[in-house]
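**Q** The following block contains the structure, expressed as structure tokens.
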Amino acid sequence: MRKLIAATLICLIIVTALSGCQGKQPDYIKIIDAYINGFSGLYEQGNEYTELGLQLQADYAYGWAAASVSSMRYCIDCLLYLAGEGDTLEDVVGERPGNWDEIAAMNYASPYPYFFEGLVYNYQGKNEEAKSCYEKALVNPKFSAEHDESLLILTILSVSELKAVKKKLILLEDKIFEVYSPVKSRYPRSHLHFSDKYLRTLAKECLTANENDYRGALRHYKAALAVNPFEGDNFVGCALMHMYLGDIEQTFFYVNEGLFVDPEHEGLNKIAELLNQEAGQ
Amino acid sequence: MMKKLLMLLLILFIIIQPPTVFAASHIDLSRVKFSSGREPVIFTFGDLHMDGVLEQAYPFTEAEIDKLVQETLKAMNLTQLDIMEANKKVEKAKRASEFTKEDLERVKKNMLTTISAVPAGNVTSVLSAVAGYMGSSSWDDIGTASVDLLENTTTSWVKDTAGGFVNKAGELGKNANTVNAVTNKLLAIEKFCEMLADEHARTKQKWKDIADGANAKRMLNEFYYALQRKIDAYKSESDEAGWRILFDQTAVGRNFTFFGVDSNYQTWFLDMILVQRATDEIGSVAGIYQGSYHIRCTHEMSNFQSRAHEAIVNMGEVGSAIKKMQATPGYTVNLRTVSPGKVEIERIISGFGEAEIKPNGEMILSLQPETDEIIVNISGMEVEMDYSVAGSSILQSRGKITFQISADQEEIVIGGISANILVKSPDVNFAHEISGSGTVKAGWDKEIWKHWDGTEKTLQHAGR
């Protein structure tokens, strides 16, 4: 009888201990979950923009979410590979995006591709490369040094923890790519390309160098619009370049789309007025 | 006028651009074109003219489109105010159906002339436009924006923080306190992550404006889609129905003289609808038109009635006899109307009509009457005549005769004559009263129908 009671007690202790372990998630995993939720919020915002018919803004939100989620997932793939998982990095990555430039190009506004790239270098002990990447992430005001440094926690995760996080990221990544197909960007990656103001300046510099280089300037304005589709000036740039290229349909498109998101923009309203006058409206 | 005529002749669909503002002032009808839909025509018989129209059976005019707009608004439970508000939120630049290269050049030129603040320095036109229409960046940004940002990348804060990250990553694996230091900030980090999406939605008001604009755009798209469907259906119906010549209770009148009495009034009313039966392949007004017409002619005869004593002298043999008496020396004849009676004269003509409008605008009309009925009802008119023969002491004669005038067709009848005759002479003293019911036919005054009977009936465009 004593033996039976003792066995029962031991079983209870084991069960209790096991259930306790299962329910308690380390805080550093909660941090990662918080980021995944944050990126998921951007995806949902993309859905909201889509529903409202704001495709440029939807692509911006999806792209931001995708660049962030994919860079985190690719970072984990790299860590897993460095921890001995898979024969090659490609084995671990599979068919998913596995190139920092390609991932970053989904939306240069996101600082996370530079950060996670730095983290991989850091893990490998390539401190100079890591520092350079961190610096590039830090230049972007969307990056919060205070909060985002917590993501360094990825470097201490066990392989099983990394795999668990990857599963969550893949779920979100799949959801995003179900509604969003990133267009392969020919615009080069640069740590300053998060700034639409900077990109507009490049466009102006392009025109200053050659006043007829509308296509060159348009390339910069489109890049500016991709990282900030809420600023009327970016729409003005695209509309004007299309006008000088003789593409009036696109001119109307950018004027109208710009006025959706920046209805009070003086320049856009003036252009609209001039177009309407000439169209005999 | 000539221009208008040419338009009618050649056209077919006289297309005019819609104005921006009309009854449905907040509706963008830039894609919709209207036909004139209506041209004046004149029907002539004798010296009389009647105004009618040559119109599209379903005219594709602004007024018609306005009706469709109202119907669409009602069906979608919207008002023009809703459209106005939606327009404010969304599309400011309307899409031009045709925008030529020349238009584009003018816009570019106008853009430069309307820039209030032309940037200083030797700038080219495209750069002027860029600077003039952008709000946030000034010309001075050139070359400095990148410098500012590059400076940021090299600030000691950036360098130190990045270096700190490298070191912290190394420590995390070795020092539990470092991990705790990070995880202690969990709440703040969770808050930060929650704000990621909000940050991209910008301020709440900005997001609301965008969402309102997008919703308005969706509503407008639905509205214009529904309106376009209605317009397409109507236009198809309009094209199929073609044109028609229409006179709807059109009236013309004239003063006329009847049996010598003037100032009677004759009114002609015309209802005629001739529908285009055949046209050319481009749906022009040219072609054959067929249909029916109905004419009613009425008369106001109060002058004739009140001056019957003037009329009677123009009525056949009786009138001739009275005139003869009046003309005979020694006779005194006095006529007066004692009863105006009742006079109704009406004519109703109806039949089949056909018109051909030639491509040069000439119109050929042919009317084939099927019925032509004249209703005459004259009764109760009485004229009294006193006469006397004076100037002879041997023979004296005087008397009074009453004439009754009537008609139930185009033939005046004078009848019911009664007379008192007195003959005096030295030898004879004779007085006698004669009465009788005999009648005399006095004919009809054909002047009443002079514009219709035997005249040519024509149709022509009012501008010709």
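Please treat every number below as a calculation from the coordinates, not as lab data. As the structure is a computational prediction, the values presented were derived from the model and not from experiment. Quick reminder, even Gly has a Cβ in these numbers, built from the backbone with ideal geometry, and neighbours come from all protein chains shown.
**Q** If a paramagnetic tag sat 7 Å from the Cα of residue B:195 along the Cα-Cβ line, which residues of the range A:133-159 would have the backbone N under 13 Å from that point?
**A** Counting only backbone N, you get A:142-148.
**Q** Another one. Kindly state, to the nearest 0.05, the FRET efficiency for residue B:292 paired with residue B:101, given R0 = 45 Å and r defined as their beta-carbon distance.
**A** 0.25
**Q** Quick one: helix A:27-51 against the long Cα principal axis of chain A, what's the angle to the nearest 10°, folded into 0 to 90?
**A** Tilt of helix A:27-51: around 30 degrees.
**Q** Distance from a point 7 Å along Cα→Cβ of residue B:300 to each backbone N in the range B:224-259: keep the residues under 14 Å and list them by number.
**A** Only B:252-256 pass the distance filter.
**Q** Using a Förster radius of 41 Å, what is the FRET efficiency between residue B:408 and residue B:232 based on their Cβ-Cβ separation? Nearest 0.05, please.
**A** After rounding, the FRET efficiency stands at 0.10.
**Q** Report, in degrees rounded to the nearest 10, the 0 to 90 angle that the Cα long axis of helix A:2-23 makes with the longest principal axis of chain A.
**A** 10
**Q** Let me ask you something else. If you count, for every residue in A:255-266, the Cβ atoms of partner chains within 10 Å of its Cβ, what is the mean?
**A** Going residue by residue through A:255-266 and averaging, the value is 5.
**Q** Would you calculate the separation in nanometres between label points at residue B:362 and residue B:81, each defined as 7 Å from the Cα along the Cα-to-beta-carbon direction?
**A** In this crude label model, residue B:362 to residue B:81 measures out at 5.9 nm.
**Q** Something else about it: Rounding to the nearest 10 and keeping the result within 0 to 90°, find how far the Cα-based axis of helix A:232-244 lies from the longest principal axis of chain A.
**A** Between the helix axis and the principal axis of chain A, the angle is about 50 degrees.
**Q** Between residue B:159 and residue B:328, what is the label-to-label distance in nm when each label sits 7 Å out along the Cα-to-Cβ direction?
**A** 14.8
**Q** Of A:64, A:79, A:35, which is farthest on the positive side of the dipole of chain A, counting Cα position, with +1 on Lys and Arg Cβ, -1 on Asp and Glu Cβ, and the Cα centre as origin?
**A** A:79
**Q** Between residue A:177 and residue A:126, what is the label-to-label distance in nm when each label sits 7 Å out along the Cα-to-Cβ direction?
**A** 2.3
**Q** Full extension from residue B:371 to residue B:114: what is 0.36 nm times the residue separation minus their Cα-Cα distance, to one decimal in nm?
**A** Here the answer is 85.3 nm.
**Q** Run the numbers on the range A:196-278 and let me know its relative contact order in percent, using alpha-carbon pairs under 8 Å that are six or more apart.
**A** Here the relative contact order equals 23 percent.
**Q** Right, next: Find, among the GluC sites (Glu not before Pro) in the range A:199-281, those assigned to loop by DSSP (not H, G, I, E, B) with at most 13 other beta-carbon atoms within 10 angstrom.
**A** Counting only loop positions with at most 13 other Cβ atoms within 10 Å, the GluC sites (Glu not before Pro) in the range A:199-281 are A:264.
**Q** Suppose R0 equals 60 Å. What FRET efficiency, 1/(1 + (r/R0)^6) with r the Cβ-Cβ distance, do residue A:91 and residue B:222 give to the nearest 0.05?
**A** According to the calculation, E is roughly 0.75.
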